[in-house]
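Before any comments, here is the structure.
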Amino acid sequence: MKGAMELEPELLLQEARENVEAAQSYRRELGHRLEGLREARRQIKESASQTRDVLKQHFNDLKGTLGKLLDERLVTLLQEVDTIEQETIKPLDDCQKLIEHGVNTAEDLVREGEIAMLGGVGEENEKLWSFTKKASHIQLDSLPEVPLLVDVPCLSAQLDDSILNIVKDHIFKHGTVASRPPVQIEELIEKPGGIIVRWCKVDDDFTAQDYRLQFRKCTSNHFEDVYVGSETEFIVLHIDPNVDYQFRVCARGDGRQEWSPWSVPQIGHSTLVPHGWNAMFQGSSYTESRSVAQNIDSRPGKVAHSCNPRTLGGQAIKWRVETVGQPDRRDSIGVCAEKQDGYDSLQRDQAVCISTNGAVFVNGKEMTNQLPAVTSGSTVTFDIEAVTLGTCNNNEGGHFKLRVTISSNNREVVFDWLLDQSCGSLYFGCSFFYPGWKVLVF
């Protein structure tokens, strides 16, 4: 009983420690949640402020543009009035000049006739004869044609007041405020020298026609376009290892021209060392890059191997064919247990590969199963896992067994690959016998 009494304080102390640790852990979790709330509050506040600024700027620009368009239209209509006025007044001016000339001529003739008649018929016969002769040469019965009012323009402005209702309807429907963008980034997957970005539609009522992906280093203020298209996944290349990048995506609705609001930016980075190729191999050319994209433009020559091996149990090795040249059954895309000089293809021992015609080779032997021929845009994936480590007690002579899955164009083959010795890593490689082939490996 005494021993139990002595142990009770220790138990109480242990329980107190556990309660303190639980309270500390609880406090930390609550702190994380408070930080999450602060982040959420900041996102709402900042996005609301940005949205206000965008709306104000847009409608100010719209008012300016509409005012400018209305002014331009007014100038055009006033010019039309001026043109019609000038063109239709000119004939009237010409007619007026003709009439005024006739009036002056008639007035002169009246004055001259009245003077001639004042002299009577005696000694002034010469003046009357001269006046009569002059009057006979003037066509006093010829009057110019004056147009009727119905035959001359009567200008007016035709203004359809319904435009106000049309404009009003468009203005009242112009612009929307979205509380959430219709697409969001779903997943960021690191790759050697690259990041696969996957996104999804979160608005069931939104029908997306195209997507637009942008990225930037977190230290940069400028986003740049990296993909525009209908896919919902894209691998961003030329990613520096252990550097944070920010990604965002938006969408364009079916039949629309404008883009949707941007998704919430997501931060990602890659810790994986970029792929690299072995030193220049004779008879082939390639571009060596720190990025995940390794472009091969080969002519008849040696196999291009990776500089460093890929550890088993890691990520699958995936190839994407960018451009194609003339296919040859000796072409190869695959992996090998070791780099061996003197070979012009991976169709050899200690290697598995697929030819551009779709034939699959294991340790130099062609399998019965065949995949579709490789074409531009084709993706070939090698997924390899260890099945047996150590010596195999069988008659096949293998000491290390790997389970290999090669998939291409929605088809796959699965087989066991026996190596002569234990192998914890593999090299990837390729060879082409005609120029024009370019591939990416990631």
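The values are calculated or read from the model by the stated rules, or taken from the named source; none is laboratory data. Because the structure is predicted, anything quoted here is derived from the model rather than measured. Quick reminder, even Gly has a Cβ in these numbers, built from the backbone with ideal geometry, and neighbours come from all protein chains shown. When the accessible area is computed, the model is the full protein with side chains, heavy atoms only, and any ligands, DNA or RNA have been set aside. Shrake-Rupley method; radii C 1.70, N 1.55, O 1.52, S 1.80 Å.
Can you tell me the equivalent ellipsoid semi-axes for segment 143-260? Use √(5λ) from the Cα gyration tensor, largest first, whole Å. Please report the intermediate quantities before stating the final value.
On the way: eigenvalues 652, 64, 32 Å².
Each semi-axis is the square root of five times an eigenvalue, giving 57, 18, 13 Å.
With no solvent and one point per C-alpha, what does the Debye sum give as log10 I(q)/I(0) for segment 44-120 at q = 0.11, 0.22, 0.27 Å⁻¹?
-0.64, -0.98, -1.09
Determine the calculated [θ] at 222 nm for the chain from helices alone, applying -39500 (n - 2.57) to every DSSP H run no shorter than 4 residues and normalising by the residue count; nearest 500 deg cm²/dmol.
-12000 deg cm²/dmol
Working out 0.36 nm times the residue gap between Val20 and Ser230, then minus their Cα-Cα distance, what length gain in nm do you get to one decimal?
70.2 nm
Extending each Cα 7 Å along its Cβ direction at His238 and Asp61, get the distance between those two points in nm, one decimal.
2.7 nm
With the crude spin-label approximation of a point 7 Å out along Cα→Cβ, what separation in nm comes out for Leu109 versus Ser376?
9.1 nm
Go through 334-341, 203-210, 242-249, 14-21 and give me the packing order, highest mean Cβ count within 10 Å leading. Provide the component values of the computation, followed by the final result.
Values: 334-341: 19.0, 203-210: 12.9, 242-249: 17.5, 14-21: 10.0.
Order by mean packing, descending: 334-341, 242-249, 203-210, 14-21.
For segment 123-216, which whole percent of the accessible surface, found with a 1.4 angstrom probe, sits on carbon and sulfur atoms? The partial results should precede the final answer.
Details: 3860 of 7270 Å².
The computed percentage sits at 53.
Return the FRET efficiency for the residue pair Ile163, Lys90: r is the Cβ-Cβ distance, R0 is 41 Å, and the value is rounded to the nearest 0.05. List each step's numbers first, then the result.
On the way: r = 34 Å, r/R0 = 0.82.
Efficiency, rounded to the nearest 0.05: 0.75.
Provide the convex hull volume over Cα atoms per residue for the chain, in Å³. It would help to have the intermediate numbers written out before the result.
Working: hull volume 165.0 nm³, N = 442.
Dividing the Cα hull volume of the chain by its residue count gives 373 Å³.
How much area per residue is accessible in the chain when the probe is 1.4 Å and only protein heavy atoms are counted (Å²)?
Details: 28840 Å² over 442 residues.
Each residue of the chain exposes 65 Å² on average to a 1.4 Å probe.
Please find the FRET efficiency linking Lys365 to Lys339, where r is the Cβ-Cβ separation and R0 is fixed at 25 Å, and quote it to the nearest 0.05. Don't jump to the answer; show the numbers that get you there.
On the way: r = 21 Å, r/R0 = 0.82.
The computed FRET efficiency comes out at 0.75.
Quickly work out the Arg33-to-Gln79 label distance, labels modelled 7 Å from Cα along the C-beta direction, and quote it in nm with one decimal.
6.9 nm
To the nearest 10 degrees, how steep is helix 125-136 against the longest Cα principal axis of the chain, on a 0 to 90 scale?
Helix 125-136 sits roughly 30 degrees off the main axis of the chain.
Relative to the present Cα-Cα distance, how much length would full extension add between Leu140 and Ile44 at 0.36 nm per residue of separation?
Working: separation 96, 0.36 × 96 = 34.56 nm, distance 9.25 nm.
Going from the current span to full extension adds 25.3 nm.
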